[in-house]
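These notes are about the structure you will find just below.
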Amino acid sequence: MTSPHTEVDSRYSDPGAMATDWASTRQRLESAELFWICTVRADGRPHVTPLVAVWLDDALYFCTGEEEQKRVNLGGNEHVILMTGCNSWDEGVDVVVEGDAVRVTDDAMLRRLAGAWTAKWDGRWQFGIGNGCFSHEGGGEAQVYGVTPAKVMAFAKGSFSHTRHRFRAG
């Protein structure tokens, strides 16, 4: 991934606010324990749910069961937003990632991703690989999706700034 075009939106930032640099924003994506994903239902209504995700090779990856609402929604509309941050008003940085969710079925990539989940979560998330999916110890399967960011926004709090990192049109 090339470095994004980064800018502060002064309309929504304190006077003199500095941009949250891409390295700091990326580190927050790498270390976040919880994300919220927004997908779109067939009738146009949004669906939001929490999930865990990993950052690998300049993309965010998540998994979902075949019958879960987010997976059903992705069958008709691959546009997603993934969000992470904290609930404090005056400290921290909230990050919003916009992009398209693309299904991952390659066994080699799935093995790398399973290893990333295991490493990030100290072994609490363990996945096998089969049928182009993650497999659970109890026998269930989870489809894996990757989101390469089109745009990432970082909202710094305390000293408020609204930073936009653009990777491509979007």
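For region 79-97, what are the residues that are of a type outside the set (Gly, Ala, Ser) and either surrounded by 14 or more Cβ atoms within 10 Å (Cβ to Cβ) or within 9 Å of the chain's Cα centre (by Cα) (or both)?
Selection gives His79, Val80, Ile81, Leu82, Met83, Thr84, Val93, Asp94, Val95, Val96, Val97.
I need the full set of residues from region 22-39 which are touching a residue at least 60 places away in the same chain (Cβ under 8 Å) and within 18 Å of Thr118 (Cβ to Cβ), in order please.
Ala32
Of the residues in region 15-46, how many are closer than 15 Å to Thr84 by Cα, of a type in the set (D, E, K, R), surrounded by fewer than 18 Cβ atoms within 10 Å (Cβ to Cβ) and touching a strand residue (DSSP E or B) at 6+ places or on another chain (Cβ under 7 Å)?
Result for region 15-46: 1.
Which one of the conditions (1) of a type outside the set (Lys, Arg); (2) surrounded by 13 or more Cβ atoms within 10 Å (Cβ to Cβ); (3) in a helix (DSSP H, G or I) does Val102 fail to meet, given that it meets all the rest?
Failed condition: (3).
Only one of these is more than 16 Å from the chain's Cα centre (by Cα) and closer than 16 Å to Ser31 by Cα: Gly123, Gly76, Gly65, Gly158. Name it.
It is Gly123.
So, of the residues in region 136-170 that are surrounded by 18 or more Cβ atoms within 10 Å (Cβ to Cβ) and among the aliphatic types (A, V, I, L, M), which turns out to be farthest from Leu51 (Cα to Cα)?
My answer is Ala156.
Residues that are more than 18 Å from Ala150 (Cβ to Cβ), touching a residue at least 12 places away in the same chain (Cβ under 8 Å) and part of a strand (DSSP E or B): does region 56-75 have at least one?
yes
State all residues of region 113-135 that are loosely packed, with under 15 Cβ neighbours inside 10 Å and free of Cβ contacts under 8 Å to residues at least 60 places away in the same chain; if no residue qualifies, say none.
Gly115, Ala119, Asp122, Gly123, Arg124, Gln126, Gly128, Gly130, Asn131, Gly132
To keep it simple, each residue is scored yes or no on (1) of a type in the set (Gly, Ala, Ser); (2) outside any strand (DSSP E or B); (3) in contact with a Leu (Cβ under 9 Å, 6 or more places away or on another chain).
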| residue | (1), (2), (3) |
| --- | --- |
| Gly146 | yes, no, yes |
| Pro149 | no, no, yes |
| Val152 | no, no, yes |
| Phe155 | no, no, no |
| Ser159 | yes, yes, no |
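Read the figures in this text as sums done on the coordinates, not as results from a lab. Every value quoted in this text rests on a predicted model; they were computed, and no experiment measured them. Glycine gets a Cβ as well: all are built from the backbone with ideal geometry, and neighbour counts include every protein chain shown.
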